[in-house]
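Chemist: Dumping the structure here so I can ask a few things about it.
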Number of protein chains: 2
Amino acid sequence: MVTGTEVLTGRIADRNGPWLADRLLELGVELAHITICGDRPRDIEAQLRFLAGEGVDLIITSGGLGPTADDLTVDTVARFCGRDVVLDTALEERIAEIIRPMMARFTGPGAPDFATVRAANRKQAMVPAGAAVLDPVGTAPGVVVPGAPTVVVLPGPPRELQPMWYKAIATTEVQQAIAGRTHYEQQTVRMFGLPESGLADTLRHAQEVIPDFLRLEITTCLRRGELEIVTRYEPDAAAAYGRLLELLRERHARAIFSEDGSRIDDLVARLLAGRRIATAESCTAGLLAGRLADPPGASDYLAGGVVSYSNDAKVDLLGVDGALIAEHGAVSEPVAEAMAAGALLRFAADTAVAITGIAGPGGGTPDKPVGTVCFCVALGDGRLLTRTTRLPGERADVRERSTTVAMHLLHRALSTA
Amino acid sequence: MVTGTEVLTGRIADRNGPWLADRLLELGVELAHITICGDRPRDIEAQLRFLAGEGVDLIITSGGLGPTADDLTVDTVARFCGRDVVLDTALEERIAEIIRPMMARFTGPGAPDFATVRAANRKQAMVPAGAAVLDPVGTAPGVVVPGAPTVVVLPGPPRELQPMWYKAIATTEVQQAIAGRTHYEQQTVRMFGLPESGLADTLRHAQEVIPDFLRLEITTCLRRGELEIVTRYEPDAAAAYGRLLELLRERHARAIFSEDGSRIDDLVARLLAGRRIATAESCTAGLLAGRLADPPGASDYLAGGVVSYSNDAKVDLLGVDGALIAEHGAVSEPVAEAMAAGALLRFAADTAVAITGIAGPGGGTPDKPVGTVCFCVALGDGRLLTRTTRLPGERADVRERSTTVAMHLLHRALSTA
C-alpha cells in the first residue's frame, strides 16, 4: 500500500511498489495487490480494510511518515489495528540527535529554530503501542505492528525504505507472518541483441522437449534492448532449469552475456580492473562517463572524458580533423574512430569509447534519421570495434539506449582482449 | 485499476496510472485510488468490488484485453456488472480487417495461420451487453459499461490506451458519470534550500492567520533537495491561495525559485539562450553535462565539457595547476574555480560550471567527509559564484544531488547576470 498524494497524482513515480515486489518474489512471498492512495486517512483506512478482508498475511505500507500534518500513516494504521499511539521517548531522543547536525547547515533569517523542528519531529516518535520500532534511516522511524494481518509501516523515500525493509524482515513479527511461504530458487539470464520473438520461439520448443518444463515459472522482459529471463522454481525442479539453460546456450550463445544475473555494468567494471578508460561523447553528453563512474572505486580505471557536443569541441579537445567532419559528417564512423583515438591520446588511456549520434527530435536526414548512432571502442594495442546502429524511441530513449550499446561493445572488446 | 502480472511483479513499470491521473486532474475529477493486480479473475473482481464499495462514480481499468487465455478483464467486468458477454459481429469484422495486413508480414514455418489468429481475436469481439464499444487502436477494442459505477475498460499498452481514453470521455456514458465533478485550480511553488520542517512551520502559521485556509488542499514533497508545494482549490478560494503565496514569499523569498510550476531545468535552459556553456566535472563524471543536454535544442548553448575524474585530466585537459591540487586538494574551492576557468577557456564559452567532490563510499577525511562537494560557476565577465556543500546520502544520491545544486547555482548566477 503506497500512500502519498504526490504518487497518486503521478507527480512522483512509485519506485517502492516494484522494488518491494522484487524482494517479496525473492522471499517466495506471493504478492496479491498493490494499492496507491493519497494522504487521506479515510482512503488509507479503506485500503487497509480491503487488503485485510482479502485475507493477506502481511501488509506493507510506504510513505506518510514525515513531520508535517499530512503525514498520517502511523496514526491511521494504529487506529485500524486497534492500538493507541504512544510517545517513545528513547526514540524521540535518537531522532533529535539525527536532526541536530542537519539543522546546523541552515542559518540566517527564515531558518527554522531547533525547538520548532524538534516539536515537529516529536510527532515521528509516536508509535502504535506494542509495535516493533525500526530505527530511522533518514529521520522517520518505521514500525511493525503484529497481528492478522501484520502491518509493516515504512517511509516513502526509496533510500530510506530499502535499508529499513531488511531490518523489517529480520523481526520476529514479520518472520511469523511469512512463515507459511514456499521456498523458491530464482535464476536470471540476460541477453543482448536478440528480439523477444526469437526467445518466445525457443521457449515454445523448450516446452515440447523438457520434462517438468511447466514447473518452471518463467518471466521474460525486454528492457533497454536487453532481454531478462527470470526463472523461479521449487528446488526439486532444478534439473528442468538445467535443461533450459543448456537449450538457451545452444541457440543463443552469442546473445547471452550473463547467466548469474550479473548486470552489464558490473561485468564491464570487472573487465576494466587494471585498465585506464576515457570517453568521448556527443549525443549522450556525459551519460556514459557518468554511468562508468557509478560503481564505488571507479577512479581506479576511469581517467575521464570529453563531452564534445559542438564540432569545435571535437576538433579542439579531441584533435578530430575538421576536414573529416566536413567530409563524412559529425555522425559517422570515421569521426567516431577519430574521437576514440583522441580520447586515448589526451587521457593517456588504454581503452576509449566514442559515441556520436542524432538523438532528435531535430537533426535527422533521410540518410541518417533520428536514432542513428555511431560507436567506436579503441584499445591501446590498436584494435578498433566500430558500429553504427539505428535506435528506436525518443530523444531520452536514444541517449540512454546508446550508453547500453556502448557498454555491450566495451564488454565484447574487453572480453576478447 | 491496472491489471497485469508483469506490472504487479514490477517487470514493467506502470505508465497508465500516472497518465490517467493527469488526465483526471485536468478534468477536475478527483482520483481516490489506484490499484494494481495480476491476471487473476478473483483479484480483479475483488478490486472492482472494493472500488465500487468506496462509492466511486467511475472505474477505469487498463490491461487484459489481448487474445490469449490470461486476458480476462472484459469477462470479469461483465460478470461484476451483471451483464452477459455477447459477440459483436460488426466489431469482429473490423478486427479481422485490422489483423489481415498485419498477418501478411509473418510468413514461413512457425507463422500462425490466419484462421487461428482470427479465432483468437473473435474473443476480442465479445463485449458486455449494452456497453458502448471503443474502436481498437491496436487490435483490442475498449468498452464503457454504464452503471453505478460506470466502468471504462481500456487496453494495457500506453500507445493504445492514450488515444482511446479521449474516445471514452467523449461518450455519453462517461460524461454522465463525471457530471458532478468539481472544477479546481492547481498551483505549484518550488523551493530550494529550505528543510521540509521549516515549511511545515510556515503552514502551521498560515492555518492560524489565513481565513479559508482549510479550503486549500496542499501537498508538499521533498525531492532531491527541492521542495514542491502543490495547492488545489475551488476557484472561489483563490483569495486564500493569494494570501498563502504572499506568506511564502515573506518568509522564504530566497528559497522560492518557481511560482508557476516551472522546473529548474527549464528555467536554466531559458536563461542559457544566447549563451555558450561548458562543464568541468569530477565526482558527477558527466551527469551535469548529460542533464544540460536533456532538452531538445540543447546544442544551441551546450558547447561541451570535460570529465576530469583523475588529477592528470584536471591538469592536462583543463589546465589546472598541479601545485594548486597539491596545496588545497582536488576537492577544494580553488581547484573548482580553476576547473571552471579552464572550461571557459578550452571551449571558448561564456558560462562554465565546475563540480569536484567526494561521492564516497571511500575518500572521505575528517576535514572533508563523504558528501563534501565544491562548485564554481564562472561567467565570461569574470564573475565567480563558488560554494562548498555537504550533501547527505550515498554515492548515487551525492552525485545526483550535486547536479541539482549546480543547476540552482547556475540559475542564481544567470538570473543576476
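The values are calculated or read from the model by the stated rules, or taken from the named source; none is laboratory data. In this text the structure is predicted, and so the values were computed from the model without any measurement. Please note: Cβ atoms are built from the backbone with ideal geometry, for glycine as well, and neighbour counts cover all protein chains shown.
Chemist: Scan A:VAL153, A:VAL144 and give me the residue that is crowded, with 19+ Cβ neighbours inside 10 Å, touching a residue at least 40 places away in the same chain (Cβ under 8 Å) and within 21 Å of A:CYS81 (Cα to Cα). Reasoning before the result, please.
Modeler: On the way: A:VAL144 fails: touching a residue at least 40 places away in the same chain (Cβ under 8 Å).
A:VAL153 is the lone residue from the list that is crowded, with 19+ Cβ neighbours inside 10 Å, touching a residue at least 40 places away in the same chain (Cβ under 8 Å) and within 21 Å of A:CYS81 (Cα to Cα).
Chemist: Another question, if that's okay. Within region B:401-417, track down each residue that is more than 13 Å from B:LEU267 (Cβ to Cβ) and in a helix (DSSP H, G or I).
Modeler: Of all residues in region B:401-417, those more than 13 Å from B:LEU267 (Cβ to Cβ) come to B:401-403, B:405-406, B:416-417.
The answer is B:ARG401, B:SER402, B:THR403, B:VAL405, B:ALA406.
Chemist: Any idea which of B:SER262, B:SER282, B:SER258 is buried (at least 19 other Cβ atoms within 10 Å of the Cβ) and either of a type in the set (S, T, N, Q) or touching a Ser or Thr at 6+ places or on another chain (Cβ under 6 Å) (or both)?
Modeler: On the way: B:SER262 fails: buried (at least 19 other Cβ atoms within 10 Å of the Cβ); B:SER258 fails: buried (at least 19 other Cβ atoms within 10 Å of the Cβ).
After ruling out the rest, the residue left standing is B:SER282.
Chemist: Sort out which residues of region A:184-224 are among the aliphatic types (A, V, I, L, M) and under 22 Å from A:ARG23 (Cβ atoms), and write them in order of number.
Modeler: In the first step, residues of region A:184-224 are kept if they are among the aliphatic types (A, V, I, L, M); the result is A:189, A:191, A:194, A:199-200, A:203, A:206, A:209-210, A:214, A:216, A:218, A:222.
Within region A:184-224, A:VAL189, A:LEU216, A:ILE218 meet the criteria.
Chemist: Can you name every residue in region A:380-400 that is in a loop (DSSP other than H, G, I, E, B) and more than 25 Å from the chain's Cα centre (by Cα)? Give the steps one after another, and end with the answer.
Modeler: Applying the first criterion (in a loop (DSSP other than H, G, I, E, B)) to region A:380-400 yields A:380-383, A:391-394.
Residues satisfying the conditions are A:GLY380, A:ASP381, A:GLY382, A:ARG383.
Chemist: With respect to the numbered conditions (1) surrounded by fewer than 15 Cβ atoms within 10 Å (Cβ to Cβ); (2) of a type in the set (S, T, N, Q); (3) within 14 Å of another protein chain (Cβ to nearest Cβ), which one is the sole condition not fulfilled by A:THR231?
Modeler: Against the list (1) surrounded by fewer than 15 Cβ atoms within 10 Å (Cβ to Cβ); (2) of a type in the set (S, T, N, Q); (3) within 14 Å of another protein chain (Cβ to nearest Cβ), A:THR231 comes up short only on (1).
Chemist: Among the residues of region B:15-54, how many are in contact with a Pro (Cβ under 8 Å, 6 or more places away or on another chain) and not in a helix (DSSP H, G or I)? Let's see the steps before the verdict.
Modeler: First, the residues of region B:15-54 that are in contact with a Pro (Cβ under 8 Å, 6 or more places away or on another chain): B:15-16, B:19, B:51-52.
In the following step, the residues that additionally are not in a helix (DSSP H, G or I) were identified as B:15.
So the count comes out to 1.
Chemist: For B:ALA323, are the conditions met, namely being of a type in the set (A, V, I, L, M) and in contact with a strand residue (DSSP E or B) (Cβ under 8 Å, 6 or more places away or on another chain)?
Modeler: Details: of a type in the set (A, V, I, L, M): yes; in contact with a strand residue (DSSP E or B) (Cβ under 8 Å, 6 or more places away or on another chain): no.
So B:ALA323 does not fit the description; no.
Chemist: Still on this model: Of all helices (runs of 4 or more DSSP H) completely enclosed by region B:291-379, which ones contain at least 1 residues that are facing chain A (nearest Cβ under 7 Å)? Lay out the reasoning, then the answer.
Modeler: Details: elements: B:311-318, B:322-328, B:333-346.
Passing ranges, in order: B:311-318, B:333-346.
Chemist: From the list A:THR9, A:THR73, exactly one residue is in contact with a helix residue (DSSP H, G or I) (Cβ under 8 Å, 6 or more places away or on another chain) and under 18 Å from B:ASP14 (Cβ atoms). Which is it?
Modeler: Working: A:THR73 fails: under 18 Å from B:ASP14 (Cβ atoms).
Going through A:THR9, A:THR73 in turn, the sole match is A:THR9.
Chemist: Is it the case that some residue within region B:247-270 is polar (S, T, N, Q) and not in a strand (DSSP E or B)?
Modeler: First pass over region B:247-270, keeping only residues polar (S, T, N, Q): B:258, B:262.
Add one more test, that the residue is not in a strand (DSSP E or B), and what stays is B:262.
The answer is yes, given that some residue of region B:247-270 is polar (S, T, N, Q) and not in a strand (DSSP E or B).
Chemist: Filter region A:262-287 for residues that are hydrophobic (A, V, I, L, M, F, W, C) and at the interface with chain B (Cβ under 7 Å from one of its Cβ atoms); which is nearest to the chain's Cα centre (by Cα)?
Modeler: The first filter runs over region A:262-287 and keeps only residues hydrophobic (A, V, I, L, M, F, W, C), leaving A:264, A:267-269, A:271-273, A:277-278, A:280, A:283, A:285, A:287.
Narrowing the set further to residues that are at the interface with chain B (Cβ under 7 Å from one of its Cβ atoms) leaves A:285, A:287.
Numbers: A:ALA285: 21, A:LEU287: 16 Å.
Here the answer is A:LEU287.
Chemist: Could you list all residues from region B:378-396 that are on the phi > 0 side of the Ramachandran plot and surrounded by fewer than 16 Cβ atoms within 10 Å (Cβ to Cβ)?
Modeler: Step one: of region B:378-396, the residues on the phi > 0 side of the Ramachandran plot are B:382, B:393.
Of everything in region B:378-396, just one residue is on the phi > 0 side of the Ramachandran plot and surrounded by fewer than 16 Cβ atoms within 10 Å (Cβ to Cβ), namely B:GLY382.
Chemist: While we're looking at this one, here's another question. Hey, among the residues in region B:342-377 that are crowded, with 18+ Cβ neighbours inside 10 Å, over 31 Å from the mean Cα position of the chain (by Cα) and hydrophobic (A, V, I, L, M, F, W, C), which one's nearest to A:VAL137 (Cα to Cα)? Working first, answer last.
Modeler: Let us first name the residues in region B:342-377 that are crowded, with 18+ Cβ neighbours inside 10 Å, namely B:342-344, B:346-347, B:349-360, B:363, B:368, B:370-377.
In the following step, the residues that additionally are over 31 Å from the mean Cα position of the chain (by Cα) were identified as B:342-344, B:346-347, B:349-350, B:363, B:368.
Then drop every residue that is not hydrophobic (A, V, I, L, M, F, W, C), which leaves B:343-344, B:347, B:349.
Values: B:ALA343: 38, B:LEU344: 41, B:PHE347: 43, B:ALA349: 42 Å.
If we take residues in region B:342-377 being crowded, with 18+ Cβ neighbours inside 10 Å, over 31 Å from the mean Cα position of the chain (by Cα) and hydrophobic (A, V, I, L, M, F, W, C), then B:ALA343 is nearest to A:VAL137 (Cα to Cα).
Chemist: Just checking, how many residues over region A:297-317 are surrounded by 23 or more Cβ atoms within 10 Å (Cβ to Cβ) and in contact with a helix residue (DSSP H, G or I) (Cβ under 7 Å, 6 or more places away or on another chain)?
Modeler: So the count comes out to 10.
Chemist: Quick one: how many residues across region B:8-19 are buried (at least 22 other Cβ atoms within 10 Å of the Cβ) and in contact (Cβ under 8 Å) with a residue 60 or more places away in the chain?
Modeler: 1
Chemist: If you don't mind, another one. Can you run down the residue pairs with Cβ atoms below 8 Å, 6 or more apart or on separate chains, where the first is in region A:242-271 and without any contact (Cβ under 8 Å) to a residue 24 or more places away in the chain and the partner is not in a helix (DSSP H, G or I)?
Modeler: Short answer, once both residue conditions are applied: A:ARG249/A:ILE256.
Chemist: Residue by residue through region B:189-210, note down the ones that are more than 8 Å from every other protein chain (Cβ to nearest Cβ), within 14 Å of B:GLU246 (Cα to Cα) and out of contact with any Phe, Trp or Tyr (no Cβ under 7 Å at 6 or more places or on another chain).
Modeler: Residues satisfying the conditions are B:VAL189, B:THR202, B:HIS205, B:VAL209, B:ILE210.
Chemist: Moving on to the next point. Count, please, the residues in region B:30-67 that happen to be over 23 Å from A:ARG40 (Cβ atoms), at pLDDT 95 or above and surrounded by fewer than 19 Cβ atoms within 10 Å (Cβ to Cβ).
Modeler: Matching residues across region B:30-67 total 1.
Chemist: If the Cβ limit is 6 Å and pairs must be 6+ apart or interchain, which residue in region A:183-197 that is without any contact (Cβ under 8 Å) to a residue 60 or more places away in the chain pairs with which residue that is assigned to a strand (DSSP E or B) and of a type outside the set (A, V, I, L, M, F, W, C)?
Modeler: A:GLU185/A:TYR233
Chemist: Considering only region B:380-406, state which residues are among the hydrophobic types (A, V, I, L, M, F, W, C) and within 14 Å of another protein chain (Cβ to nearest Cβ). If you could, list the steps in order and put the result at the bottom.
Modeler: Taking region B:380-406 as the starting set, the residues that turn out to be among the hydrophobic types (A, V, I, L, M, F, W, C) are B:384-385, B:391, B:396, B:398, B:405-406.
Matches in region B:380-406: B:LEU391, B:ALA396, B:VAL398, B:VAL405, B:ALA406.
Chemist: Which of (1) closer than 29 Å to A:THR403 by Cα; (2) within 14 Å of chain A (Cβ to nearest Cβ); (3) out of contact with any strand residue (DSSP E or B) (no Cβ under 7 Å at 6 or more places or on another chain) is the odd one out, the single condition B:ARG254 does not satisfy?
Modeler: Going through (1) closer than 29 Å to A:THR403 by Cα; (2) within 14 Å of chain A (Cβ to nearest Cβ); (3) out of contact with any strand residue (DSSP E or B) (no Cβ under 7 Å at 6 or more places or on another chain) one by one, B:ARG254 breaks only (1).
Chemist: For the condition within 11 Å of chain B (Cβ to nearest Cβ), in contact (Cβ under 8 Å) with a residue 40 or more places away in the chain and more than 20 Å from B:LEU227 (Cβ to Cβ), what is the one hit in A:LEU58, A:LEU51, A:LEU31, A:LEU91?
Modeler: Working: A:LEU58 fails: within 11 Å of chain B (Cβ to nearest Cβ); A:LEU31 fails: in contact (Cβ under 8 Å) with a residue 40 or more places away in the chain; A:LEU91 fails: within 11 Å of chain B (Cβ to nearest Cβ).
It is A:LEU51.
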